[in-house]
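First the structure, in the form of structure tokens, and then the observations on it.
Rule-based calculations on the coordinates, nothing more; no lab input. Quick caveat: nothing in here was measured; it's all calculated off a predicted structure. Every residue, glycine among them, receives a Cβ derived from its backbone with ideal geometry; neighbour counts consider all protein chains shown.
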Amino acid sequence: MRRIEERGEVTFGQAIKDYIQGWVSYGGRSTRAGYWWAQLAVVLYFVIGSLLSLALMTTVHVLGIIVFCLFGLSAIFLGIASTGLIFRRYRDVGFKTVPIIIWEICAFIPGLNGIIGIASFVFTLLPTDQFVAEKENWLVRGKDTVDETQPTAAAQPQLTRAAPAATTVSTSLPTVVFYPDGREQEIK
């Protein structure tokens, strides 16, 4: 499993490679082009596979059934990979993980699945960071937070002046560096 972090221009070949290598990767991001290139490949696979299976069933019955079963097993793989791709695409648009999980569970509720399907289609058409808000909330990422898809080591530390200890007499305050992973370092 590889974390997929698509940025910028994505080719058809790169989108297929990311789709297959990230088949169980629910973290990271997938661009609009990466999502739609992968969807095109899945549609082509199903059209060609269905035609091949149908042609073999009408001529060589046993071979057609074998191809049909293999085609069904590969459909399970593609379903899991497509779910990972949808998670990455929603994250690229700006959604956080918990709302994506709730959204995907609601897609199985009869009556809501049609509405959710249309909204999902619209979400996949939106550009990168479309729903990023000024301040982070439970639904979307904020511009004021570190990108959750990036490692925290890449984040810049925040410099803050700390108060001196009560037992010391000092006219200058020490500088303390606060790192995103929770570490603190006093600079003298």
| task | Determine, from the Cβ-Cβ distance of residue 143 and residue 82 and an R0 of 35 Å, the FRET efficiency 1/(1 + (r/R0)^6), rounded to the nearest 0.05. | result | 0.75
| field | Rough spin-label spacing in nm, given labels placed 7 Å along Cα→Cβ, for residue 16 and residue 50 | value | 2.0
| query | For residue 74 and residue 122 in the same chain, what is the full-extension length gain: residue separation times 0.36 nm, less their Cα-Cα distance, in nm? | reply | 14.6 nm
| request: Starting from the Cα of residue 129, step 7 Å along the direction of its Cβ; do the same at residue 24; then give the gap between the two resulting points in nm. | output: 3.3
| Shape category assigned to the range 67-114 from the gyration tensor of Cα positions, a/c cut at 1.5 | oblate
| message | Need one word for the range 49-130: rounded, prolate or oblate. Basis is the Cα gyration tensor (sqrt eigenvalues a ≥ b ≥ c); a/c below 1.5 gives rounded, then a/b vs b/c decides. | response | prolate
